[in-house]
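A.B. asks: Below you will find the structure I want to go over with you.
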Amino acid sequence: MNRILLSLTIFLFLSCKNKKEEVSNLDKAVSSTLKHARGFTIKKESSGITIIKITAPWPNATEGFTYALIPEEKITNLTLNKDSYDAIITTPVKKIIVTSTTHVPVLEALGVENSLVGFPNTDYISSMATRKRIANKQIKELGNNESLNTEIALELQPDVVIGFGIDNQNKAYKTLEDANIPVVYNGDWVEQTPLGKAEWIKFFAPFFHKETKADSIFNSIEKEYHKVKELAAKAKTKHTVLSGAMFKDVWYLPGGKSWAAQYLKDANTNYLWKDDKKTGSLSLSWENVLSIAQNADYWVSPSQFTTYKQMEVSSPHYLQFKAFKNKKIYTFASTTGPTGGLLFYELAPSRPDIVLKDLISIFHPEILPNYQPYFYKPLE
């Protein structure tokens with residue numbers, strides 16, 4: 001009997017006992033300190049159980065999820081009501097399937113990358129360490145997240161699947177759950193601040209008993225982020241900035257309260273839509289954007305474009321912008337892994353300090369004179 005089935009058998013038996021012990025343990029729960037993340041909470045009970053609540057699994061979610069993580073040495077001595085949790089996971093996890101490239105750097109940072117046994121669309125992974133494991137067939141290809149190859153996933157028998165989605169209608173996840181494989185939703189992508197995204201390393205930590213390490217890693221990133229932010233605040237010039245590009249005549253760019261706009265604020269720039277109240281993206285006409293940003297000093301993240309020629313061929317409207325004429329456009333789309341995956345989408349959420357340094361080196365090169373940008377490069 002595998003470890004998951006054993007765990008389920010035990011807690012189904014124990015749930016029939018008196019609930020007084022569970023209640024008393026909840027009374028003694030200790031909340032983990034989260035400084036920036038808003039989409040989850042963690043409580044460690046005196047019994048050793050860790051309760052993770054996902055409050056924002058996707059935008060505008062009306063319900064969350066509650067998961068119980070039980071150390072394997074504790075499971076025979078605890079009383080649980082299985083109906084109180086969306087999944088129960090025995091820890092430390094030995095085998096895991098994750099479904100977003102943002103999860104990969106976190107596993108590596110915690111030193112548990114060897115636990116990864118399956119991933120959908122492995123070509124999107126850029127990390128050289130994980131690509132080596134893929135090449136050695138230690139990580140199985142699982143197809144697409146929306147239509148996960150459940151046959152292979154079931155053969156792998158993971159202790160947990162870390163999923164994500166825009167709702168809870170993923171049929172593949174339901175198939176896995178019906179086979180007693182826990183599926184846990186991760187909402188790191190919903191966070192609206194750079195440090196909020198990075199703090200999701202604390203979500204992964206309890207699955208591997210790596211809480212102390214996760215705290216140390218995040219504190220270091222947070223400290224470095226604030227350090228360079230303070231340096232940027234001393235810059236004498238505050239450049240105007242445009243972002244985004246057109247898709248089928250609609251210009252998509254970050255809302256004023258989005259994580260992307262937060263980066264531009266912390267880099268001490270004047271993002272021209274900073275007063276907008278949206279946390280997502282804006283959909284505007286090119287005429288609207290031109291009227292506001294034609295004379296913007298800089299232009300960052302122009303969609304997937306990597307050259308000025310590509311932009312010119314795509315739309316002659318781009319040529320009217322000062323940043324285009326002065327060759328002041330910077331992109332992360334040219335920084336790719338060996339199979340074409342964009343490194344920014346994989347690593348940037350967990351390393352906001354690097355992103356901020358990149359941007360500061362662009363807008364205020366005198367502040368970081370010897371810095372070589374990691375993600376952002378000049379358009380060719």
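Here, each number is a calculation from the coordinates, and none is a lab measurement. Worth saying up front: this structure is predicted, and the values here are computed from it rather than measured. Please note: Cβ atoms are built from the backbone with ideal geometry, for glycine as well, and neighbour counts cover all protein chains shown.
A.B. asks: List, in order, the whole-Hz ³J(HN,Hα) value for each residue of the stretch 309-317 obtained from phi through the Karplus relation with A = 6.51, B = -1.76, C = 1.60 and θ = phi - 60°; use x for Gly and Pro.
C.D. replies: After applying 6.51 cos²θ - 1.76 cosθ + 1.60, I find 5, 4, 5, 5, 5, 5, 7, x, 5 Hz.
A.B. asks: Still on this structure: Hey, how much of the P(r) for the stretch 85-136 falls beyond 16 Å, as a percent of Cα pairs?
C.D. replies: So the portion of pairs separated by more than 16 Å is 38 percent.
A.B. asks: To continue, here is another question. How big is the gap, in Å, between the Cα center of the stretch 267-321 and the Cα center of the stretch 141-181?
C.D. replies: 38 Å
A.B. asks: Figure the gain on full extension for TRP58 and SER84 (residue separation times 0.36 nm, minus the Cα-Cα span) and round it to one decimal in nm.
C.D. replies: Roughly 7.2 nm would be gained on extension.
A.B. asks: May I pose another question? Under 10 Å, Cα contacts only: if you run a Gaussian network model on the chain, which one of TYR345, TYR85, TYR271 comes out with the highest mean-square fluctuation?
C.D. replies: Maximum fluctuation in the GNM of the chain, among the listed residues, is at TYR85.
A.B. asks: Nearest 10 degrees, 0 to 90: what angle lies between the long axis of helix 352-363 and the longest principal axis of the chain (Cα atoms)?
C.D. replies: The angle comes out at about 0 degrees.
A.B. asks: Ok, one more. In the stretch 286-329, how does Rg compare with the Kirkwood Rh, expressed as the Rg/Rh ratio over alpha carbon atoms?
C.D. replies: We get a ratio of 0.91 for the stretch 286-329.
A.B. asks: Which of ALA135, ALA109, ALA267 ends up with the largest GNM mean-square fluctuation for the chain, with Cα atoms connected below 10 Å?
C.D. replies: Result for the chain, Cα springs under 10 Å: ALA135 fluctuates most.
A.B. asks: Report the label-to-label distance for LEU319 and TYR252 in nanometres (one decimal), using points 7 Å from each Cα along the Cα→Cβ vector.
C.D. replies: Placing both labels 7 Å along Cα→Cβ, they lie 2.6 nm apart.
A.B. asks: If I take R0 = 22 Å and measure r between the Cβ atoms of LYS238 and ASP275 in this structure, what FRET efficiency does the formula 1/(1 + (r/R0)^6) give, to the nearest 0.05?
C.D. replies: With a Förster radius of 22 Å, E is 0.90.
A.B. asks: For a 26 Å ceiling on Cα separation, which of these pairs sit above it: LYS274/LYS327; LYS265/LYS325; LYS202/LYS277; LYS35/LYS94; LYS53/LYS137?
C.D. replies: LYS202/LYS277; LYS35/LYS94; LYS53/LYS137
A.B. asks: Under 5 Å between amide H atoms, partner at least 5 residues away or on a different chain: which partners does LEU242 have, H built in plane at 1.01 Å?
C.D. replies: Sorted by chain and number, the residues that satisfy this are TYR298, TRP299, VAL300.
A.B. asks: Okay, next question. Only helical DSSP H runs with n ≥ 4 go in: add -39500 (n - 2.57) per run for the chain, normalise by residue count and round the 222 nm mean residue ellipticity to 500 deg cm²/dmol.
C.D. replies: Computed ellipticity for the chain at 222 nm equals -9500 deg cm²/dmol.
A.B. asks: Under the 0.36 nm per residue contour assumption, what length would be gained going from the current alpha-carbon distance of GLN169 and THR33 to full extension?
C.D. replies: Fully extending the segment from GLN169 to THR33 adds 45.8 nm.
A.B. asks: What spacing in nm lies between the two simple spin-label points modelled at GLU146 and THR76, each 7 Å away from Cα in the Cβ direction?
C.D. replies: 4.7 nm
A.B. asks: In this model, which of LYS132/LYS248; LYS140/LYS309; LYS171/LYS248; LYS82/LYS174 are farther than 28 Å apart at the alpha-carbon?
C.D. replies: Pairs exceeding the cut-off: LYS132/LYS248; LYS140/LYS309; LYS171/LYS248.
A.B. asks: Still on this structure, please answer the following. Calculate the dipole size of the chain relative to its Cα centre from +1 charges on Lys and Arg beta carbons and -1 charges on Asp and Glu beta carbons; express the result in debye to the nearest 20.
C.D. replies: Once rounded to the nearest 20, the dipole reads 800 debye.
A.B. asks: Between PRO254, PRO57, PRO365, which gets the highest mean-square fluctuation from a Gaussian network model of the chain, Cα cutoff 10 Å?
C.D. replies: PRO365
A.B. asks: Just to be sure I understand the curve: with the Debye formula and one point per C-alpha of the stretch 181-298, what is log10 I(q)/I(0) at q = 0.11, 0.14 Å⁻¹?
C.D. replies: For the requested q values the scattering log ratios are -0.50, -0.73.
A.B. asks: Same structure, new question: At a threshold of 8 angstrom on Cα-Cα distance, excluding pairs fewer than six apart, so keeping six or more, what relative contact order does the chain reach in percent?
C.D. replies: 15 percent
A.B. asks: Could you give the length gained by full extension between ASN288 and ASP215, i.e. 0.36 nm per residue of separation minus their alpha carbon distance, to one decimal place?
C.D. replies: Residue separation times 0.36 nm, minus the Cα-Cα distance, leaves 21.9 nm.
A.B. asks: Above 40 Å lies some portion of the pair distances; for the chain, what is it as a whole percent of all C-alpha pairs?
C.D. replies: Distances greater than 40 Å cover 21 percent of the Cα pairs.
A.B. asks: Over the stretch 122-175, calculate the relative contact order: mean separation of alpha carbon pairs under 8 Å at least 6 apart, over the residue count, as a percent.
C.D. replies: With pairs under 8 Å counted, the relative contact order is 29 percent.
A.B. asks: Let me ask something additional. ³J(HN,Hα) across the stretch 178-189 via Karplus (A = 6.51, B = -1.76, C = 1.60, θ = phi - 60°), whole Hz, x for Gly/Pro?
C.D. replies: After applying 6.51 cos²θ - 1.76 cosθ + 1.60, I find 5, 8, 6, 9, x, 10, 10, 7, 10, x, 4, 6 Hz.
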